[in-house]
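A.B. asks: Right, I'll just put the structure down here and ask away after.
The values are calculated or read from the model by the stated rules, or taken from the named source; none is laboratory data. Computed from a prediction, not measured in an experiment: that's the story for all the values here. Positions of Cβ are generated from backbone atoms using ideal geometry, with glycine treated the same way; all protein chains shown enter the neighbour counts. The protein model used for the area step is the full one, side chains on, heavy atoms only, and it has no ligands, DNA or RNA in it. Shrake-Rupley method; radii C 1.70, N 1.55, O 1.52, S 1.80 Å.
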Amino acid sequence: EKQKQLQGEADKKAAPGSKAPAVPLPNIDRAAIPVQPSEGKARNVYQMLIGSYPDILMAVEARFELAEMMADRNELDPAIKLLQEALDKEPADNKSPSPELMDKMRIRLGSCFVSKKMPKEALDKFAVVADNPKSPLVAQGLYRAGECHLDLGDNDKAIARFMVFRDKPEFHNVPGVSDRAVLRLGHAY
């Protein structure tokens, strides 16, 4: 519908008797689209699982996946609540979430805090990931922690976080992160 609207506007601006070139599909924020029936069903299943078996590993994973869906729709407060529960709950079935899942939850929780303009709280989550060199998400943690330092006005700490992307070869080619981090290093200087 949005593409048709944009195409109509472009056609009106075109020379009389001609049509404008085809307008590409616009990027639409997921929050602007109503919850679809299949997404509603998935949410209900996640909530039933969490409600019925709150203390098992699968419920931790369900909290994370449901929080991801909510965060994508800018439903930040319920997403934050689910992520904090997932990080705080110790599964009763003696199975612990993988360290990678824990770091994914911290990154997403930090991102929710950033969206709510809470850089100090976000930094707390990103720093845990950034300070763990064994984490597969360490580059994300470093970059996002550096961004939080910039938001807090602490350029020296931001520089320290971003410098690894300039100085350490293993951080030179992290897709979607390295180039941004080096650019932000320049901003911090």
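A.B. asks: Near K120, which aspartates and glutamates are there with a Cα under 14 Å away, not counting those fewer than 8 places off in the same chain?
C.D. replies: Qualifying aspartates and glutamates at Cα under 14 Å: E147, D151, D154.
A.B. asks: Given the convex hull over the Cα atoms of the stretch 98-150, what projected area results after averaging over all orientations, in nm²? It would help to have the intermediate numbers written out before the result.
C.D. replies: On the way: hull surface 11.8 nm².
Reported value for the Cα convex hull: 2.9 nm².
A.B. asks: Quick one: accessible area per residue over the stretch 22-118, 1.4 Å probe, rounded to a whole number of Å²?
C.D. replies: Details: 5670 Å² over 97 residues.
It amounts to 58 Å² per residue over the stretch 22-118.
A.B. asks: If r is the Cβ-Cβ distance from K81 to K41 and R0 is 22 Å, what FRET efficiency results, to the nearest 0.05?
C.D. replies: Once the sixth-power term is evaluated, E becomes 0.55.
A.B. asks: Just to confirm my numbers, what's the Cα centroid distance between the stretch 33-89 and the stretch 136-189 in Å?
C.D. replies: 30
A.B. asks: Measure up K117/K168; K104/K134; K89/K125; K2/K104; K41/K81 against 24 Å on the Cα-Cα distance and list the ones that go over. Working shown, then result.
C.D. replies: Details: K117/K168 31 Å; K104/K134 14 Å; K89/K125 16 Å; K2/K104 33 Å; K41/K81 20 Å.
From K117/K168; K104/K134; K89/K125; K2/K104; K41/K81, over 24 Å: K117/K168; K2/K104.
A.B. asks: Would you mind putting 18-31, 136-149, 116-129 in packing order, based on average other-beta-carbon counts within 10 Å, highest first? Numbers along the way, then the final one.
C.D. replies: On the way: 18-31: 10.1, 136-149: 23.1, 116-129: 19.4.
Sorting 18-31, 136-149, 116-129 by mean packing, highest first, produces 136-149, 116-129, 18-31.
A.B. asks: According to the square roots a ≥ b ≥ c of the eigenvalues of the Cα gyration tensor, what is the shape class of the stretch 36-141, taking rounded for a/c under 1.5, prolate for a/b larger than b/c otherwise, and oblate for the remainder?
C.D. replies: On the way: a/c = 2.12, a/b = 1.26, b/c = 1.69.
It comes out oblate by the Cα gyration axes.
A.B. asks: Checking a compactness column here: for the chain, what do you get for Rg(Cα) / (2.2 N^0.38 Å), N being the number of residues? Before the final figure, lay out each step's value.
C.D. replies: Values: Rg = 21.0 Å, N = 189, 2.2 N^0.38 = 16.1 Å.
In units of the globular-protein estimate, the chain measures up at 1.30.
A.B. asks: To continue, here is another question. Tally up the carbon and sulfur contribution to the accessible surface of the stretch 128-189 as a whole percent, 1.4 Å probe, everything protein left in place. Write out the running numbers ahead of the final one.
C.D. replies: Working: 1850 of 3550 Å².
After summing per-atom areas, the C and S share lands at 52 percent.
A.B. asks: Would you calculate the separation in nanometres between label points at S52 and N94, each defined as 7 Å from the Cα along the Cα-to-beta-carbon direction?
C.D. replies: 2.4
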